[in-house]
Amino acid sequence: MAAASAVRAAGRRSRRLFDIFVAEVPWTVSSKELKEYFSQFGSVQRCQLPFDKDTGFHRRYCWIKFSTPQDVQNVFQKDSHILEGAKLALKQQTRRRRSPRKNQSQ
């Protein structure tokens with residue numbers, strides 16, 4: 001149980017390091033296709049497309065990590081992003097600073 005909890009916590013922390021959140025991803029689009037599409041705007045370091053364990057399909061959203069802030073700005077200079085006829089919904093992620101946790105047992 002502790003190992004699964006640690007993996008989930010690491011996943012939540014890693015999402016904070018992504019630059020763009022993408023929603024409304026068509027079911028037929030793969031992470032490879034997303035990475036290829038967004039690479040026209042700059043160097044894509046990582047594309048995280050989570051899957052549902054029960055259905056086997058992805059959850060229709062992903063996170064994209066770019067190499068530079070300029071790459072991110074290039075993405076948002078384009079008015080709309082369309083893959084396989086569907087308009088993607090993009091949101092720029094804000095960088096969160098980790099603050100030390102307060103000891104809750106006191």
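The values are calculated or read from the model by the stated rules, or taken from the named source; none is laboratory data. Predicted model only: the values in this text are computed from it and were never measured. FYI the Cβ positions are ideal-geometry reconstructions off the backbone, even for glycines, and counts take in every protein chain you see. Accessible surface areas use protein heavy atoms only, side chains included; no ligands, DNA or RNA. Shrake-Rupley method; radii C 1.70, N 1.55, O 1.52, S 1.80 Å.
Values for this structure:
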read-out	value
Considering residues of segment 12-38 that are farther than 15 Å from residue 60 by Cβ and modelled with pLDDT under 95 only, the residue surrounded by the fewest Cβ atoms within 10 Å (Cβ to Cβ)	12
Selection count where residues are open to solvent by 100 Å² or more (accessible area, probe 1.4 Å) and part of a loop (DSSP other than H, G, I, E, B), scope segment 39-92	7
Hits in segment 70-88 - residues which are in contact (Cβ under 8 Å) with a residue 24 or more places away in the chain and not small (Gly, Ala, Ser)	70, 71, 72, 74, 75, 78, 81, 83, 84, 87, 88
Number of positions in segment 70-106 that are in contact with a Lys or Arg (Cβ under 9 Å, 6 or more places away or on another chain) and at pLDDT 90 or above	2
